[in-house]
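Visitor: Take this structure, written in C-alpha coordinates, and hold onto it; I'll ask about it next.
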Amino acid sequence: MSVELISKLREMTGAGIKDCNNALKEANNDIEQAVKILREKGIASAVKRADRSAKQGTVVARISADKKTGVLVELNCETDFVAKTDNFKKLANDIAVHVEKSSSQDNILEQKYDAAQTVKDLITNAIATIGENIVLKRAVKFTSTGVISSYIHGEFGTLGVLVNFECSDEVAKSEKFQTLTKEIAMQIAAVSPSYVKRDQVPQEELAKEKEIYVKQLQEEGKPANIIEKIVVGKLDKYYSQVCLLEQPYMRDTTGKQKVQEIINQAGAGISVKEFARFKIGE
(Lines give C-alpha, C1' and ligand atoms only; values in the text may rest on other atoms or scores of the structure.)
Protein backbone atom coordinates (compact mmCIF):
# COMPACT_ATOMS: atom_id res chain seq x y z
CA MET A 1 0.00 0.00 0.00
CA SER A 2 1.38 3.42 -1.03
CA VAL A 3 2.32 5.63 1.92
CA GLU A 4 1.66 8.70 -0.25
CA LEU A 5 -1.84 7.46 -1.04
CA ILE A 6 -2.64 6.86 2.62
CA SER A 7 -1.28 10.32 3.53
CA LYS A 8 -3.39 11.96 0.81
CA LEU A 9 -6.53 10.17 2.00
CA ARG A 10 -5.81 11.24 5.58
CA GLU A 11 -5.48 14.87 4.46
CA MET A 12 -8.74 14.65 2.51
CA THR A 13 -10.79 13.00 5.25
CA GLY A 14 -9.03 13.42 8.59
CA ALA A 15 -9.40 9.68 9.18
CA GLY A 16 -6.79 7.56 10.94
CA ILE A 17 -4.05 5.54 9.25
CA LYS A 18 -5.72 2.21 9.88
CA ASP A 19 -9.10 3.38 8.56
CA CYS A 20 -7.47 4.89 5.45
CA ASN A 21 -5.51 1.73 4.81
CA ASN A 22 -8.62 -0.45 5.08
CA ALA A 23 -10.68 1.88 2.89
CA LEU A 24 -8.03 1.92 0.16
CA LYS A 25 -7.84 -1.86 0.19
CA GLU A 26 -11.61 -2.09 -0.12
CA ALA A 27 -11.57 0.49 -2.94
CA ASN A 28 -8.64 -1.13 -4.78
CA ASN A 29 -6.58 2.06 -4.33
CA ASP A 30 -9.28 4.26 -5.89
CA ILE A 31 -8.94 7.31 -3.63
CA GLU A 32 -12.34 8.83 -4.50
CA GLN A 33 -14.03 5.52 -3.75
CA ALA A 34 -12.05 5.28 -0.51
CA VAL A 35 -13.33 8.74 0.51
CA LYS A 36 -16.88 7.56 -0.20
CA ILE A 37 -16.35 4.42 1.91
CA LEU A 38 -15.05 6.47 4.83
CA ARG A 39 -17.96 8.88 4.57
CA GLU A 40 -20.44 6.03 4.51
CA LYS A 41 -18.84 4.68 7.68
CA GLY A 42 -19.07 8.10 9.31
CA ILE A 43 -15.30 8.44 9.72
CA ALA A 44 -14.68 11.20 7.19
CA SER A 45 -17.48 13.25 8.71
CA ALA A 46 -14.97 14.30 11.36
CA VAL A 47 -13.56 16.83 8.91
CA LYS A 48 -16.92 18.55 8.53
CA ARG A 49 -17.10 18.93 12.30
CA ALA A 50 -13.62 20.37 12.67
CA ASP A 51 -14.79 23.99 12.30
CA ARG A 52 -17.49 23.70 14.95
CA SER A 53 -16.92 25.55 18.20
CA ALA A 54 -15.77 23.33 21.06
CA LYS A 55 -16.35 25.25 24.28
CA GLN A 56 -17.50 22.49 26.61
CA GLY A 57 -15.39 19.61 27.87
CA THR A 58 -13.56 18.22 30.84
CA VAL A 59 -10.30 18.63 32.73
CA VAL A 60 -8.59 15.50 34.05
CA ALA A 61 -5.54 15.00 36.25
CA ARG A 62 -3.22 12.05 36.74
CA ILE A 63 -0.71 11.69 39.56
CA SER A 64 1.84 8.86 39.63
CA ALA A 65 1.85 6.49 42.61
CA ASP A 66 5.00 8.12 44.03
CA LYS A 67 3.51 11.61 43.43
CA LYS A 68 6.61 12.63 41.50
CA THR A 69 4.84 13.04 38.14
CA GLY A 70 1.57 14.80 37.42
CA VAL A 71 -0.46 15.58 34.32
CA LEU A 72 -3.33 17.98 33.66
CA VAL A 73 -5.31 17.78 30.39
CA GLU A 74 -8.19 19.87 29.03
CA LEU A 75 -10.24 18.22 26.29
CA ASN A 76 -13.00 20.24 24.65
CA CYS A 77 -16.20 19.25 22.83
CA GLU A 78 -19.31 21.05 21.59
CA THR A 79 -21.95 20.21 24.19
CA ASP A 80 -22.21 19.68 27.91
CA PHE A 81 -24.07 16.44 27.22
CA VAL A 82 -21.11 14.84 25.42
CA ALA A 83 -18.67 16.19 28.04
CA LYS A 84 -20.45 14.07 30.64
CA THR A 85 -20.42 10.81 28.68
CA ASP A 86 -18.20 7.89 29.63
CA ASN A 87 -16.69 7.70 26.11
CA PHE A 88 -15.55 11.32 26.22
CA LYS A 89 -14.16 11.04 29.74
CA LYS A 90 -12.30 7.86 28.75
CA LEU A 91 -10.77 9.68 25.78
CA ALA A 92 -9.56 12.49 28.06
CA ASN A 93 -8.06 9.99 30.48
CA ASP A 94 -6.43 8.00 27.65
CA ILE A 95 -4.73 11.19 26.46
CA ALA A 96 -3.63 11.99 30.01
CA VAL A 97 -2.05 8.53 30.29
CA HIS A 98 -0.20 9.16 27.02
CA VAL A 99 1.08 12.56 28.20
CA GLU A 100 2.26 11.00 31.46
CA LYS A 101 4.25 8.35 29.58
CA SER A 102 5.58 10.69 26.89
CA SER A 103 9.10 12.07 27.13
CA SER A 104 8.05 15.33 25.46
CA GLN A 105 5.24 17.87 25.73
CA ASP A 106 5.89 19.20 22.24
CA ASN A 107 3.51 18.42 19.36
CA ILE A 108 1.39 16.04 21.43
CA LEU A 109 -1.12 15.60 18.61
CA GLU A 110 1.58 14.31 16.27
CA GLN A 111 3.03 11.87 18.80
CA LYS A 112 2.48 8.14 18.32
CA TYR A 113 -0.36 6.99 20.57
CA ASP A 114 0.20 3.36 19.60
CA ALA A 115 1.63 1.41 16.66
CA ALA A 116 -1.33 2.27 14.43
CA GLN A 117 -2.19 5.89 15.23
CA THR A 118 -1.12 9.27 16.53
CA VAL A 119 -2.92 11.18 19.28
CA LYS A 120 -4.54 13.23 16.51
CA ASP A 121 -5.82 10.02 14.90
CA LEU A 122 -7.24 8.91 18.24
CA ILE A 123 -9.19 12.17 18.54
CA THR A 124 -10.29 12.15 14.89
CA ASN A 125 -11.69 8.63 15.22
CA ALA A 126 -13.48 9.69 18.42
CA ILE A 127 -15.04 12.63 16.55
CA ALA A 128 -16.53 10.20 14.04
CA THR A 129 -17.87 7.96 16.80
CA ILE A 130 -19.13 10.64 19.19
CA GLY A 131 -20.43 13.01 16.51
CA GLU A 132 -18.98 16.30 17.78
CA ASN A 133 -15.85 18.32 17.22
CA ILE A 134 -13.24 17.45 19.85
CA VAL A 135 -10.16 19.55 20.57
CA LEU A 136 -7.19 18.91 22.81
CA LYS A 137 -6.93 22.45 24.12
CA ARG A 138 -3.94 22.09 26.43
CA ALA A 139 -1.90 19.67 28.49
CA VAL A 140 0.89 20.01 31.01
CA LYS A 141 3.21 17.58 32.76
CA PHE A 142 5.18 18.29 35.94
CA THR A 143 7.99 16.21 37.39
CA SER A 144 8.98 16.85 40.99
CA THR A 145 11.70 16.27 43.56
CA GLY A 146 8.95 16.74 46.13
CA VAL A 147 5.25 16.10 45.63
CA ILE A 148 2.69 16.77 42.89
CA SER A 149 -0.87 17.56 43.98
CA SER A 150 -4.07 18.09 42.01
CA TYR A 151 -7.63 19.31 42.43
CA ILE A 152 -10.56 18.72 40.08
CA HIS A 153 -13.66 20.78 40.68
CA GLY A 154 -17.04 19.12 40.29
CA GLU A 155 -18.08 15.67 39.17
CA PHE A 156 -17.44 16.43 35.51
CA GLY A 157 -14.18 18.36 35.84
CA THR A 158 -14.99 21.88 34.70
CA LEU A 159 -11.84 23.18 36.39
CA GLY A 160 -8.56 21.50 37.33
CA VAL A 161 -5.37 22.45 39.13
CA LEU A 162 -1.92 20.83 39.23
CA VAL A 163 0.69 21.96 41.78
CA ASN A 164 4.38 21.07 42.11
CA PHE A 165 5.62 21.30 45.72
CA GLU A 166 9.27 21.09 46.75
CA CYS A 167 9.80 19.56 50.19
CA SER A 168 11.73 16.88 52.04
CA ASP A 169 10.50 13.28 52.10
CA GLU A 170 10.00 13.61 55.85
CA VAL A 171 7.76 16.68 55.54
CA ALA A 172 5.83 15.04 52.68
CA LYS A 173 4.67 12.29 55.06
CA SER A 174 3.14 14.69 57.57
CA GLU A 175 -0.61 15.17 57.84
CA LYS A 176 -0.13 18.95 57.91
CA PHE A 177 1.61 18.88 54.55
CA GLN A 178 -0.98 16.59 52.96
CA THR A 179 -3.73 18.96 54.10
CA LEU A 180 -1.71 21.89 52.78
CA THR A 181 -1.43 20.43 49.27
CA LYS A 182 -5.23 20.22 49.03
CA GLU A 183 -5.71 23.71 50.44
CA ILE A 184 -3.23 25.35 48.07
CA ALA A 185 -4.71 23.58 45.05
CA MET A 186 -8.17 24.80 46.08
CA GLN A 187 -6.82 28.32 46.63
CA ILE A 188 -5.50 28.36 43.07
CA ALA A 189 -8.81 27.04 41.76
CA ALA A 190 -10.87 29.63 43.64
CA VAL A 191 -8.71 32.77 43.44
CA SER A 192 -6.91 32.17 40.12
CA PRO A 193 -3.39 33.57 40.61
CA SER A 194 -1.22 34.04 37.53
CA TYR A 195 2.19 33.52 39.13
CA VAL A 196 3.74 31.87 42.17
CA LYS A 197 5.74 34.90 43.34
CA ARG A 198 6.40 38.48 42.33
CA ASP A 199 9.74 37.96 40.59
CA GLN A 200 7.89 35.89 37.96
CA VAL A 201 5.72 38.81 36.86
CA PRO A 202 7.04 40.08 33.49
CA GLN A 203 8.56 43.56 33.57
CA GLU A 204 6.38 44.63 30.62
CA GLU A 205 3.27 43.73 32.62
CA LEU A 206 4.49 45.74 35.63
CA ALA A 207 5.35 48.68 33.41
CA LYS A 208 1.81 48.75 32.00
CA GLU A 209 0.27 48.59 35.48
CA LYS A 210 2.54 51.35 36.73
CA GLU A 211 1.71 53.53 33.71
CA ILE A 212 -2.02 53.16 34.41
CA TYR A 213 -1.58 54.10 38.08
CA VAL A 214 0.59 57.12 37.27
CA LYS A 215 -1.93 58.47 34.74
CA GLN A 216 -4.81 58.00 37.17
CA LEU A 217 -2.97 59.85 39.91
CA GLN A 218 -1.83 62.62 37.57
CA GLU A 219 -5.44 63.19 36.54
CA GLU A 220 -6.30 63.46 40.23
CA GLY A 221 -3.71 66.22 40.52
CA LYS A 222 -1.31 64.39 42.82
CA PRO A 223 2.26 65.80 42.97
CA ALA A 224 5.08 63.68 41.50
CA ASN A 225 6.74 62.80 44.82
CA ILE A 226 3.44 61.58 46.26
CA ILE A 227 2.60 59.64 43.08
CA GLU A 228 5.75 57.56 43.42
CA LYS A 229 4.85 56.47 46.96
CA ILE A 230 1.25 55.68 46.06
CA VAL A 231 2.31 53.62 43.03
CA VAL A 232 4.49 51.41 45.27
CA GLY A 233 1.43 50.66 47.41
CA LYS A 234 -0.74 49.98 44.40
CA LEU A 235 1.82 47.56 42.97
CA ASP A 236 1.92 45.72 46.30
CA LYS A 237 -1.85 45.32 46.05
CA TYR A 238 -1.47 44.12 42.47
CA TYR A 239 1.04 41.49 43.58
CA SER A 240 -1.42 40.30 46.23
CA GLN A 241 -3.94 39.64 43.47
CA VAL A 242 -1.79 37.88 40.88
CA CYS A 243 0.89 36.13 42.98
CA LEU A 244 -0.14 33.00 44.85
CA LEU A 245 2.23 33.44 47.79
CA GLU A 246 1.04 37.00 48.44
CA GLN A 247 -2.68 36.31 48.14
CA PRO A 248 -4.81 36.43 51.29
CA TYR A 249 -5.48 32.85 52.38
CA MET A 250 -9.05 32.12 51.34
CA ARG A 251 -10.02 30.38 54.61
CA ASP A 252 -8.82 33.24 56.79
CA THR A 253 -11.88 35.43 57.31
CA THR A 254 -9.76 38.30 58.64
CA GLY A 255 -7.90 38.57 55.35
CA LYS A 256 -4.62 39.06 57.20
CA GLN A 257 -2.94 35.70 56.62
CA LYS A 258 -1.08 35.30 53.36
CA VAL A 259 -0.66 31.98 51.55
CA GLN A 260 3.09 32.07 52.25
CA GLU A 261 2.36 32.11 56.00
CA ILE A 262 0.13 29.03 55.70
CA ILE A 263 2.89 27.22 53.82
CA ASN A 264 5.45 28.16 56.48
CA GLN A 265 3.20 26.77 59.22
CA ALA A 266 2.95 23.37 57.51
CA GLY A 267 6.67 22.57 57.78
CA ALA A 268 10.21 23.67 57.03
CA GLY A 269 11.54 23.92 53.49
CA ILE A 270 8.18 23.76 51.67
CA SER A 271 7.83 25.80 48.50
CA VAL A 272 5.55 25.92 45.48
CA LYS A 273 7.65 25.48 42.37
CA GLU A 274 4.92 25.82 39.74
CA PHE A 275 1.22 25.30 39.08
CA ALA A 276 -1.27 25.00 36.24
CA ARG A 277 -4.95 25.96 36.30
CA PHE A 278 -7.27 24.90 33.49
CA LYS A 279 -10.88 26.05 33.39
CA ILE A 280 -13.31 25.12 30.64
CA GLY A 281 -14.15 28.17 28.57
CA GLU A 282 -11.07 30.18 29.51
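Visitor: Is at least one residue of the stretch 206-221 of a type in the set (A, V, I, L, M, F, W, C), outside any helix (DSSP H, G or I) and surrounded by 12 or more Cβ atoms within 10 Å (Cβ to Cβ)?
Guide: Taking every residue of the stretch 206-221 in turn, none turns out to be of a type in the set (A, V, I, L, M, F, W, C), outside any helix (DSSP H, G or I) and surrounded by 12 or more Cβ atoms within 10 Å (Cβ to Cβ).
Visitor: Need pairs with beta-carbon distance below 7 Å; first residue part of a helix (DSSP H, G or I) and within the stretch 1-27, second of a type in the set (D, E, K, R); sequence gap 6+ or separate chains.
Guide: Ile17/Arg10; Ile17/Asp121; Cys20/Arg10
Visitor: Shifting gears a bit: Any idea which residue in the stretch 16-30 is modelled with the lowest pLDDT, counting only those that are crowded, with 18+ Cβ neighbours inside 10 Å and in contact with a Lys or Arg (Cβ under 9 Å, 6 or more places away or on another chain)?
Guide: Of everything passing the filter in the stretch 16-30, Gly16 is modelled with the lowest pLDDT.
Visitor: Looking at the stretch 245-264, I want the residues that are under 20 Å from Ser194 (Cβ atoms) and have a partner that is in a loop (DSSP other than H, G, I, E, B) and basic (Lys, Arg) with Cβ atoms under 6 Å, at least 6 apart or on another chain. Which pairs are those?
Guide: So the pair list comes out as Leu245/Lys197.
Visitor: Regarding Asp114, is this residue assigned to a loop (DSSP other than H, G, I, E, B), charged (D, E, K, R) and either more than 15 Å from the chain's Cα centre (by Cα) or on the phi > 0 side of the Ramachandran plot (or both)? Working first, answer last.
Guide: On the way: assigned to a loop (DSSP other than H, G, I, E, B): yes; charged (D, E, K, R): yes; either more than 15 Å from the chain's Cα centre (by Cα) or on the phi > 0 side of the Ramachandran plot (or both): yes.
When the stated conditions are applied, Asp114 passes them.
Visitor: Please note which strands (runs of 3 or more DSSP E) are completely contained in the stretch 130-203 and include at least 2 residues that are among the polar types (S, T, N, Q) and either touching a residue at least 12 places away in the same chain (Cβ under 8 Å) or buried (at least 16 other Cβ atoms within 10 Å of the Cβ) (or both).
Guide: Of the strands (runs of 3 or more DSSP E) lying wholly inside the stretch 130-203, those with at least 2 residues that are among the polar types (S, T, N, Q) and either touching a residue at least 12 places away in the same chain (Cβ under 8 Å) or buried (at least 16 other Cβ atoms within 10 Å of the Cβ) (or both) span 147-153.
Visitor: Can you go through Gly131, Gly160, Gly154, Gly146 and tell me which one is of a type in the set (Gly, Ala, Ser) and touching a Leu at 6+ places or on another chain (Cβ under 8 Å)? Break it down stepwise before answering.
Guide: Values: Gly131 fails: touching a Leu at 6+ places or on another chain (Cβ under 8 Å); Gly154 fails: touching a Leu at 6+ places or on another chain (Cβ under 8 Å); Gly146 fails: touching a Leu at 6+ places or on another chain (Cβ under 8 Å).
Exactly one residue qualifies, and that residue is Gly160.
Visitor: List pairs: first in the stretch 65-84 and in contact (Cβ under 8 Å) with a residue 24 or more places away in the chain, second part of a loop (DSSP other than H, G, I, E, B) and among the basic types (Lys, Arg), Cβ under 7 Å, 6+ apart or cross-chain?
Guide: Pairs found: Asn76/Lys55; Glu78/Arg52.
Visitor: Okay, next question. Of the residues in the stretch 232-274, how many are surrounded by fewer than 13 Cβ atoms within 10 Å (Cβ to Cβ), charged (D, E, K, R) and more than 28 Å from the chain's Cα centre (by Cα)?
Guide: 2
The values are calculated or read from the model by the stated rules, or taken from the named source; none is laboratory data. No experiment lies behind these values; they were computed from the predicted model shown. Neighbour counts run over all protein chains shown; Cβ positions are idealised from the backbone, glycine included.
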